[in-house]
Amino acid sequence: MWKEQREFDCIVVGGGPAGSTFARTAAQGGLSVLLLEKDRDIGVPVRCGEAVSDAGLRIFFEPNPRWIASTITRIKLVAPNETVVEFDLSEKGYILDRRIFDYDLAEYATKAGAVVVTKAYVDGLLIEDDKVVGVKGTHIGERFEKRAKIVIGADGVESRVGRWAGLETTCKLKDMESGIQKTVTGIDVHEHMFEFYLSKRWAPGGYLWVFPKGKNKANIGLGITGSYAKDGKAAQQYLDEFLEWKYPQASVLTTVVGGIPVAKTVKEMVSDGIMLVGDAAHTVNPVTGGGIVSGMRSGLLAAETAVKALNNTGPSKKNLVPYEKAWHKVGGKNHERFYRIKETIYQFEDDDLNRIADGFSDIPENERNLFKLFSIAVRKKPSLLIDVARVFTGV
Amino acid sequence: MIEVAENKCDFCGCCVGVCPVNCIELKEADIRIDHELCIDCDICVFICPIKVLSQTDPKRTSSSEAA
Ligand SMILES: Cc1cc2nc3c(=O)[nH]c(=O)nc-3n(C[C@H](O)[C@H](O)[C@H](O)COP(=O)(O)OP(=O)(O)OC[C@H]3O[C@@H](n4cnc5c(N)ncnc54)[C@H](O)[C@@H]3O)c2cc1C
Ligand code: SF4
Ligand code: SF4
């Protein structure tokens with residue numbers, strides 16, 4: 001029983017994709033791992049559009065058909081003046097069923113030897129000599145304290161673990177997307193196509209998505225940046241107005257809300273005895289808002305570092321810093337570029353977006369791709385053209 | 001003072017992520033604001049996707065200083 005065990009090598013706070021990936025990798029590396037999740041079920045509620053790329057999943061495993069609600073091969077962009085541009089994606093994507101996906105990730109972690117406990121809410125850290133040495137919290141009404149060599153903050157957008165340890169993880173209002181999504185049915189959608197609606201009237205400082213789950217069902221959601229949320233109109237109102245206009249006949253199966261940190265990765269991802277992964281470390285792609293794969297990636301890299309540190313001289317900040325370095329090497333540089341691109345494109349007025357759509361429509365359909373789209377979008381900012389070239393072509 | 005509309009919160013954590021003083025406590029189905037720590041910056045009011053939070057002090061306007 002986890003309650004009897006005095007100390008674990010690692011305690012992971014949060015059972016999302018980042019936490020479960022850390023737990024699995026660390027357990028495979030021979031560490032004893034306890035994962036604590038406050039909710040009663042792993043993977044529920046699903047606060048997510050559930051879109052991932054095939055290549056992203058393949059970093060970790062062969063995509064399992066039971067996770068996949070739709071396979072996506074095409075993309076449609078709708079400009080403010082309702083100009084539509086479509087093209088085939090060079091790389092396929094999926095709409096997942098994250099309830100099953102997240103659940104399987106947690107199960108992989110347990111199969112590797114990690115202990116997963118739900119209904120376990122962490123409300124503070126054990127700190128000795130300025131070093132994190134464990135967590136405290138409540139499990140089904142009962143208080144607990146548990147020691148660990150490393151505590152991993154995988155506690156998502158609402159992360160407090162880092163801040164308890166003195167790491168600065170507060171997200172600025174302008175870098176937080178206020179999000180809402182409804183899974184609706186009774187509509188007609190193209191089952192293999194991502195749809196994006198771009199306009200201040202649909203989602204200021206963000207975008208509205210229609211992600212199909214079959215022919216008659218879709219995740220329809222949007223995010224608006226905090227700067228616009230300040231004007232008083234809630235994300236919910238934008239979505240209700242869109243659905244009323246576009247899909248008045250839709251039946252709503254579920255509504256979820258959530259925050260998406262479209263920020264730079266936190267400055268410090270580690271300190272003595274602590275590491276941050278996933279949304280808690282702001283690993284979400286600032287342009288797309290995608291955080292599943294990047295969160296898992298950070299979990300993997302953090303675990304690799306943790307295994308080395310504990311086989312070496314211990315969980316000192318110095319021994320954990322290689323994780324930060326690995327993150328910046330693998331994803332972090334592009335992350336910063338995406339952040340710079342976001343800072344520009346989220347400010348576009350509807351006229352700018354219409355012009356970009358017109359420019360992009362002039363390209364023959366079989367020659368369209370995301371690189372060309374973003375190149376047109378940032379044309380007036382030559383410095384960003386370099387960023388666009390780097391993130392989309394890897395040069 | 002920040003007030004939470006009863007039974008309206010979805011427990012998504014968006015407000016917790018932006019609170020500059022980390023004074024919002026969020027459990028599986030419970031949200032609490034530590035009013036001693038709260039600095040009434042109203043950022044949480046702005047960001048909530050379903051506008052569950054409100055500032056009860058009528059003197060405070062939704063100023064931009066907080067952003
Ligand atoms: C509306 C919306 C749409 C999105 N769409 C997409 C998309 O289409 N594609 C994509 O890639 N990404 C999308 N994202 C982002 C994606 O959902 C996140 O980036 C991803 O879930 C992050 O994974 P994580 O493991 O870091 O955190 P999470 O999945 O948030 O997991 C964190 C876990 O920690 C638990 N926890 C928190 N605090 C505590 C505590 N104190 N004690 C114990 N447990 C705790 C939580 O209950 C939660 O289960 C979307 C986000 C939103 C809000
Ligand atoms: S008003 Fe500001 S300090 Fe108070 S709870 Fe909201 S975000 Fe936190
Ligand atoms: S942002 Fe709104 S819905 Fe989400 S936890 Fe805060 S008060 Fe609740």
* **Relative contact order (%) - the range B:2-55, alpha-carbon pairs under 8 angstrom, separation at least six** => 44
* To do: Just the ratio, please: alpha-carbon radius of gyration of chain A over 2.2 N^0.38 Å, N its number of residues.
  => 0.99
* Structure fact -> Rounded to two decimals, the Debye log10 I(q)/I(0) of the range A:193-244 (Cα scatterers, no solvent) at q = 0.22, 0.30 Å⁻¹ is -0.76, -1.17
* For A:GLU50, tell me the accessible area in Å² from a 1.4 Å probe, rounded to the nearest 10. => 10
* Farthest positive-ward along the protein assembly as shown dipole, Cα basis, beta-carbon charges - from A:LEU57, A:GLY314, A:SER20 -> A:GLY314
* Asked: So which GluC sites (Glu not before Pro) in the range A:136-171 are both in a DSSP loop and have at most 13 other Cβ atoms within 10 Å of their Cβ?
  -> A:GLU168
* Structure fact -> Over all pairs of different Cα atoms in the range B:2-55, the reciprocal of the mean inverse distance gives a Kirkwood radius in Å of 11.0
* **Share of pairwise Cα separations in the range A:65-105, more than 15 Å, in percent** => 56
* Structure fact -> Both in Å, the radius of gyration and Dmax of the C-alpha trace of the range A:343-393 are 10.9, 29
* Mean accessible surface per residue for the protein assembly as shown, computed with a 1.4 Å probe while every protein chain stays in place, in Å² -> 43
* the range B:2-55 - charge dipole about Cα centre, Lys and Arg +1 at Cβ, Asp and Glu -1, debye rounded to 20 -> 180
* To the nearest 100 Å², how much accessible surface do chains B and A hide from each other in total, with a 1.4 Å probe? -> 2400
* Just in the range A:79-128: which GluC sites (Glu not before Pro) are loop by DSSP and have at most 15 other Cβ atoms within 10 Å? -> A:GLU82
* **Cα coordinate range in the range A:258-351, projected on the principal axes (Å, largest first)** => 58, 23, 18
* **Dipole in debye (nearest 20) - the protein assembly as shown, about Cα centre, beta carbon charges: Lys, Arg +1; Asp, Glu -1** => 940
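The values are calculated or read from the model by the stated rules, or taken from the named source; none is laboratory data. None of these values were measured; they are calculated from a predicted model. A quick note on method: Cβ atoms are made from the backbone with ideal geometry, for glycine too, and the neighbour counts reach across all protein chains shown. Side chains included, ligands, DNA and RNA excluded: accessible areas come from the protein's heavy atoms. Shrake-Rupley method; radii C 1.70, N 1.55, O 1.52, S 1.80 Å.
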